[in-house]
Structure formats: structure tokens, C-alpha cells
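One structure is given below, encoded as C-alpha cells.
The values are calculated or read from the model by the stated rules, or taken from the named source; none is laboratory data. Model, not experiment: these values are computed from the prediction. Counting neighbours? That spans all protein chains shown, and the Cβs are built from the backbone with ideal geometry, glycine included.
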Amino acid sequence: MDLKDLENLIRTRHSIRKWQDKPVPEDMLLKAIELATWAPSGGNQQNWRFYVVTSKETINAIADAVQASANLMASWPEAAKFGDAFERSRQTSAFFRSAPAVITIAASKYQSNADLLLEAREKVDPRAHQMREWRTSPDSKIQSTSSAVAFLLLILHQMGLGGVWMTGPMQVRGEIEKILNVKPGFELVTFIPVGYPAEKPESRGRKPVSEVTEVIK
């Protein structure tokens, strides 16, 4: 693959929210994950665990939990100030129910030697406390998992599959972890419904590089 091919792959990937009623072969999903694990991770710990869900019963159970939480939020008086926009969001919060598969990623906490040193030192040193605060604000497990997701979405696209990276289900993270029997010490970070696309979204474009970049010489 040359740069032009890679550019085309990146530019043509879109978030897919409608899928064909067609199962996705398990070996395709496992291959996509295998390649995604070559993404960088904090300290090369690879402290992630992937859960592939193809059981319609399990997907429905997760969708029910997400929908219930959205309904609860809509019942709060504070929701009124968000008007129709929140109501539309509530109605579509469990749209992934129709996905043939879901890939979730859980990760365990990783602390480097520097993290441990700062943690020990911060009790008596305000400077160490500040350093640790700055160092840990970009959560290592979030960074590692995010890099794997970026790889994964491109790989799925190359395979002719479509997915969408969701954050909404995280509001019932604990319930999903129980449904999936996530291992102790791991926290669910990512939720991606996957399938053969039944839509072709128009590109929304991107902000120009000049608007989002500063070159410091």
C-alpha cells in the first residue's frame, strides 16, 4: 500500500450506524483485532482485552441497559432545557441493537516506574504532586485503547465492514462489564458496533490543517 492508497482508506472511512442483516464471520473480526493489537500502547504493556459479541441476546441485553439509562436521564427535570435534541438522542441511544456484532475493549491500569516514584514522593513534595497530576491526566489506558481503536476502524473499513466508536454506552459501563463478565482489574473503555454497511454517509470534511496546527520553529 502506498501513501495514496492509505490516504484514500483514511478519507473514505465513515462512522456507520446502519448495517445489513448479515452475520460477520468471526475470523474476520479476530483478524482485525490481531492487526489492531500492533497499535502502540503505554510502556508496550498491551494491557487491553477485546470482547467480541455476536450473540443477539447479549447485544440486546446491552441495548436494553443503555436505553433504560437514556430513559432515566430523560425523566430528570434538567433534561427539559435540552429540548428536542435530547429526546432524539434518547430515541436513538440503542440503535446498535441491529448490529450483527459488537467489539468492546477493556483495559487494566498501567503505572510506569516514574508514575510509582511520583506517587510515593507526592506525599511530601508539592512539585511531585503537580508532576504526577500532569502526567496522569491523559489516562494511559485511554491512550492505549484509543490507538487500538484507530487501527481497528481502518482495518474494518479495509475489510468492507463498518463500525462506529460509541461513548454513550459507557454511562452503564458497570452493567455492561457484568453482562460480558469482564475480568477483575479491567475497565471497559470502548464500544464499537460492527457489520456490513447499509448506508454510505456523506463526508463531513475536516477542518483545514492550518486551523488545527501550529508549527513552532
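Of the residues examined, residue 213 is one that is exposed (fewer than 15 other Cβ atoms within 10 Å of the Cβ) and farther than 20 Å from residue 66 by Cα. Of the residues making up segment 97-115, one or more are part of a helix (DSSP H, G or I), closer than 29 Å to residue 54 by Cα and either out of contact with any Phe, Trp or Tyr (no Cβ under 6 Å at 6 or more places or on another chain) or not basic (Lys, Arg) (or both). Does residue 29 count as among the hydrophobic types (A, V, I, L, M, F, W, C), under 23 Å from residue 94 (Cα atoms) and under 19 Å from the mean Cα position of the chain (by Cα)? So residue 29 passes the test. Residues that are crowded, with 16+ Cβ neighbours inside 10 Å, modelled with pLDDT under 95 and in a helix (DSSP H, G or I) within segment 17-66 comprise just one, 42.
Looking at segment 66-84, is at least one residue under 21 Å from residue 194 (Cα atoms) and touching a residue at least 12 places away in the same chain (Cβ under 8 Å)? Spell out the reasoning first.
Step one: filter segment 66-84 for residues under 21 Å from residue 194 (Cα atoms), giving 66-67.
Remaining after also requiring touching a residue at least 12 places away in the same chain (Cβ under 8 Å): 66-67.
Within segment 66-84 (the criterion being under 21 Å from residue 194 (Cα atoms) and touching a residue at least 12 places away in the same chain (Cβ under 8 Å)), the answer is yes, since at least one residue qualifies.
Among residues belonging to segment 1-16 that are in contact (Cβ under 8 Å) with a residue 60 or more places away in the chain and not in a loop (DSSP other than H, G, I, E, B), point out the one that is surrounded by the most Cβ atoms within 10 Å (Cβ to Cβ).
Step one: filter segment 1-16 for residues in contact (Cβ under 8 Å) with a residue 60 or more places away in the chain, giving 9-16.
Keeping just the survivors that are not in a loop (DSSP other than H, G, I, E, B) gives 9-12.
Working: 9: 14, 10: 12, 11: 11, 12: 11.
Among those residues, the one meeting the criterion is 9.
The residue list 86, 82 contains one member that is surrounded by fewer than 19 Cβ atoms within 10 Å (Cβ to Cβ), in contact with a helix residue (DSSP H, G or I) (Cβ under 7 Å, 6 or more places away or on another chain) and of a type in the set (A, V, I, L, M, F, W, C), which is 86. Being out of contact with any Phe, Trp or Tyr (no Cβ under 9 Å at 6 or more places or on another chain) and in contact (Cβ under 8 Å) with a residue 60 or more places away in the chain is a property that does not hold for residue 161. Of the residues contained in segment 28-41, none is found to be touching a residue at least 24 places away in the same chain (Cβ under 8 Å) and among the acidic types (Asp, Glu).
Scanning segment 164-197 for residues that are under 14 Å from residue 65 (Cβ atoms) and either among the basic types (Lys, Arg) or without any contact (Cβ under 8 Å) to a residue 12 or more places away in the chain (or both) yields 173, 174, 178.
Can you pull out every residue in segment 158-217 that is among the hydrophobic types (A, V, I, L, M, F, W, C) and in a loop (DSSP other than H, G, I, E, B)?
Of all residues in segment 158-217, those among the hydrophobic types (A, V, I, L, M, F, W, C) come to 159, 161, 164-166, 170, 172, 176, 179-180, 182, 186, 188-189, 191-192, 194, 198, 209, 212, 215-216.
Listed by number, the residues that qualify are 159, 161, 164, 165, 182, 198, 215, 216.
Can you tell me which of 147, 140 is surrounded by 14 or more Cβ atoms within 10 Å (Cβ to Cβ) and touching a helix residue (DSSP H, G or I) at 6+ places or on another chain (Cβ under 7 Å)? Full working, then the answer.
Working: 147 fails: touching a helix residue (DSSP H, G or I) at 6+ places or on another chain (Cβ under 7 Å).
Of 147, 140, the one residue that is surrounded by 14 or more Cβ atoms within 10 Å (Cβ to Cβ) and touching a helix residue (DSSP H, G or I) at 6+ places or on another chain (Cβ under 7 Å) is 140.
Does residue 81 count as among the charged types (D, E, K, R), out of contact with any Asp or Glu (no Cβ under 7 Å at 6 or more places or on another chain) and closer than 30 Å to residue 128 by Cα? Judged against the criteria, residue 81 is not a match.
Every test in (1) without any contact (Cβ under 8 Å) to a residue 40 or more places away in the chain; (2) farther than 30 Å from residue 113 by Cβ is passed by residue 24 save one, and that test is (1).
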